[in-house]
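What follows is a short report on a single structure.
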Amino acid sequence: MSKESEYAFPVGLIQNGETVSWNLGMTLRDWFAGMAMQGMIIGFMERTGDIDEETIANVAYKQADAMLKAQNQKPPDCAGGHEVTNENQKPH
């Protein structure tokens, strides 16, 4: 499954211990775009007092696409080159 078609909040309906149906929620792309859009709206309002909905929507999805692309890249090393383990969550 590509990142664009993964879902942000899938929820299964469980009856008698078995998943009988799924509500897939929104895609990760839609979630990322919505989060990016919030900051853009505030920025537009502070600078211009107006909102250009079409521009905000287009730029929000460009940002979402960039975030999905960045997910496929190797993460940078931790500061100082220390690893965090799952065992104790402290750098060693």
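Report note on the peptides 35-47, 53-65: ranked by the mean count of other C-beta atoms within 10 Å, highest first, their order is 53-65, 35-47. Taking amide H as placed 1.01 Å from N in the peptide plane, the amide H of residue 7 sits under 5 Å from that of 28, each at least 5 places away or on another chain.
Ranked from largest, the principal axis spans of the Cα set of the stretch 3-71 equal 55, 24, 15 Å. Between residue 58 and residue 7, the modelled labels are 3.2 nm apart [label points 7 Å from Cα along Cα→Cβ].
Taken together, the values in this text are just the output of simple stated rules run on the coordinates, not laboratory data. Here the structure is a predicted model, which is why all the values come from computation and not from measurement. Here the Cβ is made from the backbone with ideal geometry for all residues, glycine too, and neighbour counts use every protein chain on show.
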